[in-house]
Amino acid sequence: MLYLVPSPIGNLADITFRAVDILKTVDLILAEDTRTSSVLLRNYNIEKPVTPYHQHNEHKVLQHLVDQMNGGKIMALLTDAGTPGISDPAFLLVRECLKNNIKVECLPGATAFVPALVNSGLPINKFVFEGFLPQKKGRQTLMKQLATEERTMVFYESPMRLVKTLEDCIQYFGATRQCCVSRELTKMFEENKRGTLQEVCNYFKQKTVKGEIVIVVQGIE
């Protein structure tokens, strides 16, 4: 069996009692980054074998993990922050488990785009999650497509590319489109900056940006 276990996106208290119980009972924990996960596991006195599972080794170890689960082992997949599969590795393993009739169960829990979307003040009855935009190939084509998107749009971005992405949004969506940039969600220096794309872009041009970033942009009216 495979459990997909969401991990806190910042505050270590944002994990469910059930998630802790599952992590304490599985045979093996698959961690995107064993160093990051070890902090969480130590905090909750979880002493289980941990092995790396990330985008650079998932193809290589996939069949071995499936063989082990077919042999009776129970595993939990734990990403650095948030829910496995949301801009993090999980899809290949889940697909292969299902092909082999291995039970897969995803626990509810933290995902960064949900609080960012809800507290943005923008319409949330319909939205589209785009994750990280392509850095080069396909970026312009996608931005042109999204320029006519009526639903609220949600993106992930790194601090170093935030201003560039906001500038691209201004170019393709217009400077007056409303948006909200959330960073360091659930952490001590959490910040949610709301306004037009131009206002928010100007704001972040004047400061050093750190932390995980979620950009929420209003759809076309």
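The values are calculated or read from the model by the stated rules, or taken from the named source; none is laboratory data. These numbers come from a predicted model, not from an experiment. Neighbour counts are summed over all protein chains in view; Cβ atoms, including those assigned to glycine, are modelled from backbone coordinates with ideal geometry.
Among the residues in the range 35-47, are any among the small types (G, A, S), in contact with a strand residue (DSSP E or B) (Cβ under 8 Å, 6 or more places away or on another chain) and touching a residue at least 60 places away in the same chain (Cβ under 8 Å)?
no
Tell me which strands (runs of 3 or more DSSP E) are completely within the range 114-193 and hold 2 or more residues being outside the structural domain of I15 (by TED's automatic domain parsing) and among the aliphatic types (A, V, I, L, M), or say none if there are none.
Of the strands (runs of 3 or more DSSP E) lying wholly inside the range 114-193, those with at least 2 residues that are outside the structural domain of I15 (by TED's automatic domain parsing) and among the aliphatic types (A, V, I, L, M) span 152-157.
Could you look through the range 88-127, keep only residues that are surrounded by 18 or more Cβ atoms within 10 Å (Cβ to Cβ) and of a type in the set (S, T, N, Q), and pick out the one that is farthest from T34 (Cα to Cα)?
Among them, the one singled out is S120.
Is it the case, given these coordinates, that L2 is in contact with a Cys (Cβ under 6 Å, 6 or more places away or on another chain) and at pLDDT 95 or above?
Here the answer is yes, as L2 does meet what is asked.
Need the failing condition index for Q198 against (1) surrounded by 15 or more Cβ atoms within 10 Å (Cβ to Cβ); (2) on the phi < 0 side of the Ramachandran plot; (3) under 23 Å from the mean Cα position of the chain (by Cα), just the number.
(3)
Residue-by-condition table, conditions (1) assigned to a loop (DSSP other than H, G, I, E, B); (2) surrounded by fewer than 20 Cβ atoms within 10 Å (Cβ to Cβ); (3) not acidic (D, E):
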position: L12; (1), (2), (3): yes, yes, yes
position: A19; (1), (2), (3): no, no, yes
position: I29; (1), (2), (3): no, no, yes
position: R35; (1), (2), (3): no, yes, yes
position: V39; (1), (2), (3): no, yes, yes
position: R42; (1), (2), (3): no, yes, yes
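Go through the residues of the range 33-45 one by one and say whether even a single one is within 30 Å of V217 (Cβ to Cβ) and either within 20 Å of the chain's Cα centre (by Cα) or in the same structural domain as R194 (by TED's automatic domain parsing) (or both).
Scanning the range 33-45, I find at least one residue that is within 30 Å of V217 (Cβ to Cβ) and either within 20 Å of the chain's Cα centre (by Cα) or in the same structural domain as R194 (by TED's automatic domain parsing) (or both), so the answer is yes.
Residues of the range 194-221 being assigned to a strand (DSSP E or B), in contact with a Ser or Thr (Cβ under 8 Å, 6 or more places away or on another chain) and not hydrophobic (A, V, I, L, M, F, W, C), which ones?
Listed by number, the residues that qualify are R194, T196.
Which one is nearest to V214 (Cα to Cα) among residues in the range 69-108 that are assigned to a helix (DSSP H, G or I) and out of contact with any strand residue (DSSP E or B) (no Cβ under 8 Å at 6 or more places or on another chain)?
Residue satisfying both the conditions and the ranking: F91.
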